[in-house]
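Below: the structure, in structure tokens.
Computed from the coordinates by the stated procedures, all read-outs in this text should not be read as laboratory data. Predicted model only: the values in this text are computed from it and were never measured. Glycine gets a Cβ as well: all are built from the backbone with ideal geometry, and neighbour counts include every protein chain shown.
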Amino acid sequence: MKIFKLKQYHIADILTLCEVICTCILGVLLFIGAKPQTALIIFGIGELCDAFDGICARNLKPYPKDGKYRWWREYAPEIDQITDIFHLGIMGLFFIFRICSSFIYFRPWIAFFVAFVVALFCIIIQIIVTDEKHKDTKLATGLILGRRVLYLTCIAFIVFAGLYAVTWPDQIKTTIAIALCISAVILLVIKWDRATQVKTPLE
């Protein structure tokens, strides 16, 4: 019986797998009506995995060139991108159905309209940047970088609005918010290439 041995090049894939698992758990929590704090914790774990899988893939020992076929490496960018979309999308639905409903001025149609506009915007961007006429142009570059900013903005909004809605003591909420802000600045410095370059070394 062959025993699996964890190597450095496995870490990035394990982090991506953890994000996939967190996404599946969020889907279950959405349907069973779990507490907002539970979903927020799972979402945070998934986002941390997403934040560090690329860093690990770029800085740790890469897979050896041993001729073995690893399908998950061949489709790694697509798997990572799809997982990111579903992770944020499912949490967005949880936010609308389970968190926003507790706000005094919440109007369901407004939340759905905003979600629809964001989704439509992302789809239009994807169509443009994959069109051969616009590939590698300034327009495509600007749209891709803009989409990343929008993605991060949505994450920040969901997390901080979620913190406002949960029943934790204010001291804990404030501590978490400060820690998140510091972590965000550190990650922004580490992953600055993602904010300024369309293609990174892994792509």
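Applying both filters, DSSP loop and at most 10 other Cβ atoms within 10 Å, to the trypsin sites (Lys or Arg not before Pro) of region 1-91 gives K2, K5, K65, K68. Of the chymotrypsin sites (Phe, Trp or Tyr not before Pro) found in region 6-95, those that fall in a DSSP loop while having at most 14 other beta-carbon atoms within 10 Å are Y69, Y75.
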